[in-house]
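Structure, as structure tokens:
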Amino acid sequence: MTNDPPPADVDGYASRVLDVVDAIPPGRVMSYGDIAEYLGEGGPRQVGRVMALWGGGVAWWRVIHSDGTPAQGHERRALERYRDEKTPMRSVRDPVRVDMRRARWPD
DNA sequence: GCAATGACTGGTA
DNA sequence: TTACCAGCCATTG
């Protein structure tokens, strides 16, 4: 087989981050810092870097800031997903922000 | 080796 | 609520 080079040929750390993101169930979210803490290594900046480079292969919209705002530069795209996944939003007051109190995962 | 940058976070005003 | 700041860690010039 022509060992086709999948985007999974990234660093082990990136693979772990992508694996955690892929484990987030629909309707739930995790913050960059949560993922870093969940893995026990790196930091929110590193998770953000991984998402910026290889996040296109996972549910990147389920990875947001600690305050409930989606990834910078992809807010509109994320909103469409949240509406489709029925992610708990603060809605009405702040339609661009996720209700972390309910959507945060694991919980 | 140092400075700047980035899909970040928490605290204070 | 927004704004500013210091801390955080890896990559890049």
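Values in this text are rule-based calculations from the coordinates and carry no lab data. The structure displayed is predicted, hence computed values, not measured ones. Reconstructed Cβ throughout: ideal geometry from the backbone, glycine too, with neighbour counts over all protein chains shown.
State all residues of segment A:18-37 that are within 16 Å of A:Gly57 (Cα to Cα) and of a type in the set (Gly, Ala, Ser); if no residue qualifies, say none.
At the first step, the residues of segment A:18-37 found to be within 16 Å of A:Gly57 (Cα to Cα) are A:18-26.
Within segment A:18-37, just A:Ala23 meets the criteria.
Of (1) touching a Gly at 6+ places or on another chain (Cβ under 8 Å); (2) within 22 Å of A:Asp19 (Cβ to Cβ); (3) not hydroxyl-bearing (Ser, Thr, Tyr), A:Arg45 satisfies all except one. Which?
Result: A:Arg45 fails condition (1) only.
Could you tell me whether A:Val47 is closer than 15 Å to A:Met30 by Cα and touching a residue at least 40 places away in the same chain (Cβ under 8 Å)?
On the way: closer than 15 Å to A:Met30 by Cα: yes; touching a residue at least 40 places away in the same chain (Cβ under 8 Å): no.
So A:Val47 does not fit the description; no.
Any residue at all in segment A:53-62 that is closer than 21 Å to A:Ala23 by Cβ and assigned to a loop (DSSP other than H, G, I, E, B)? Even if it seems obvious, please write down each step before you answer.
Filtering segment A:53-62 down to residues closer than 21 Å to A:Ala23 by Cβ leaves A:53-62.
Keeping just the survivors that are assigned to a loop (DSSP other than H, G, I, E, B) gives A:58-59.
Yes: segment A:53-62 contains one or more residues that are closer than 21 Å to A:Ala23 by Cβ and assigned to a loop (DSSP other than H, G, I, E, B).
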